[in-house]
1. Quick check on my filter: what residues within segment 91-107 are in contact (Cβ under 8 Å) with a residue 40 or more places away in the chain and either open to solvent by 50 Å² or more (accessible area, probe 1.4 Å) or under 13 Å from residue 234 (Cβ atoms) (or both)?
2. So residue 260 ticks every box in (1) closer than 19 Å to residue 38 by Cα; (2) loosely packed, with under 15 Cβ neighbours inside 10 Å but one. Which box is left unticked?
3. In segment 28-60, which residue that is hydrophobic (A, V, I, L, M, F, W, C), within 17 Å of residue 242 (Cβ to Cβ) and at pLDDT below 95 is surrounded by the fewest Cβ atoms within 10 Å (Cβ to Cβ)?
4. Within segment 9-27, take every residue that is touching a Gly at 6+ places or on another chain (Cβ under 9 Å) and at pLDDT below 85 and give me the one that is least open to solvent (accessible area, probe 1.4 Å).
5. Working only within segment 117-149, note down all residues that are part of a helix (DSSP H, G or I), under 18 Å from residue 173 (Cβ atoms) and either open to solvent by 30 Å² or more (accessible area, probe 1.4 Å) or not small (Gly, Ala, Ser) (or both).
6. Test each condition in (1) open to solvent by 50 Å² or more (accessible area, probe 1.4 Å); (2) assigned to a helix (DSSP H, G or I); (3) under 24 Å from residue 251 (Cβ atoms) for residue 110 and report the one that comes out false.
7. Name the pairs: first residue in segment 120-144 and more than 25 Å from residue 217 (Cα to Cα), second residue open to solvent by 50 Å² or more (accessible area, probe 1.4 Å) and part of a loop (DSSP other than H, G, I, E, B), Cβ to Cβ under 8 Å, at least 6 apart or on different chains?
8. Any idea which of (1) closer than 26 Å to residue 251 by Cβ; (2) at pLDDT 95 or above; (3) of a type in the set (Gly, Ala, Ser) is the one residue 65 doesn't satisfy?
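The values are calculated or read from the model by the stated rules, or taken from the named source; none is laboratory data. Just so we're clear, the structure is a prediction, and the values are computed from it rather than from any experiment. Methodologically, a virtual Cβ is constructed for each residue, glycine included, from the backbone with ideal geometry; neighbour enumeration extends over all protein chains shown. The accessibility values were calculated without ligands, DNA or RNA, using every heavy atom of the protein model including side chains. Shrake-Rupley method; radii C 1.70, N 1.55, O 1.52, S 1.80 Å.
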Amino acid sequence: MWNCQQVPIRIQLGDKTLLSPKLWLQVREAGLDDESPPVSELIPPTDTLQSNSQGFLIRSLRTAGTQPTLRRRNGYLCYVSSQYPRYYIDMRQSFAEYKSKFSAKTRSTINRKIRKYADYCGGEIQWKVYKAVGDMAEFFKLARTVSATTYQEKLLDAGLPESEKFFLEMEQLAQQQRLRGFVLFHDGRPVSYLYCPVKPSGVVIYAFLGYDPTYMNFSVGTILQWFALEHLFEENSFRFFDFTEGQSDHKKLFATHSVQCANVFFLRSSLRNRALLYMQRAMGRFSHLVGNKLDQFGLKSKVKKMMRFGI
């Protein structure tokens, strides 16, 4: 089923968004509970294109093999904006079984981070799970406090939404017992949050997250992720924990499986649409080239931290 919405076409240099023009598109996301086989040929949908729509966007389409970035298909511009492993955790096991996937060194590292933060907190780490309707106002306030400090919100416009509409959606999900929120504290102050809606099929979605950058050296995001997963496993009610699109070391570390996916646009072949796609692709290539050069000189991680956190 398609959802018609405005989709930003972000022109980015690394994490920095330079331009973000929007297109009205008919959008569909293929979830982990979508059992369709991977596709090797990208074929435009046969559905009717609405008069105000510039085309279709299929997020997380399962693919077989690497796809060409840009080509024409049946009158559309077929543009693959990203190709990535979609990481997830199989929750149909115990937490003890899940922990066995990690090497002894990795488990030791996680435990050391937890002990370090516990010492900083005076011996005991404070964190909380939010899932009842009556919990949502408190969770929303605390999570928004953290989100406002994060690079996800400042650079990527991907922080926890602050609209009343989003809050009402949170309450509705909580009424259906389809929401889990987690917050980590230091001395009563929220320092990290994780927002996870749950699909009716039992898939937990890694939707919004963030941590206060002043606590970066304490790995508060990793610690909260570990506590949240332990809690979710103990509930014994879920099939998968879905890290959704995009790849990162964090997702790869915690995941048990992955499927190869792509975000695929099928756009009207207009001059404006062609210009936007060529601009995004060119800037993406330039950003990748700069990143590789910085990596050669051992500067990539330092520059990334400077852009995200100003340090």
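1. If the condition is that a residue be in contact (Cβ under 8 Å) with a residue 40 or more places away in the chain and either open to solvent by 50 Å² or more (accessible area, probe 1.4 Å) or under 13 Å from residue 234 (Cβ atoms) (or both), then 91, 92, 93, 94, 95, 98, 101 are the ones that fit.
2. Unmet condition: (2).
3. My answer is 30.
4. Selected residue: 14.
5. Within segment 117-149, 133, 134, 135, 136, 137, 138, 139, 140, 141, 142, 144 qualify.
6. That leaves (1) as the condition not met.
7. 131/177
8. (2)
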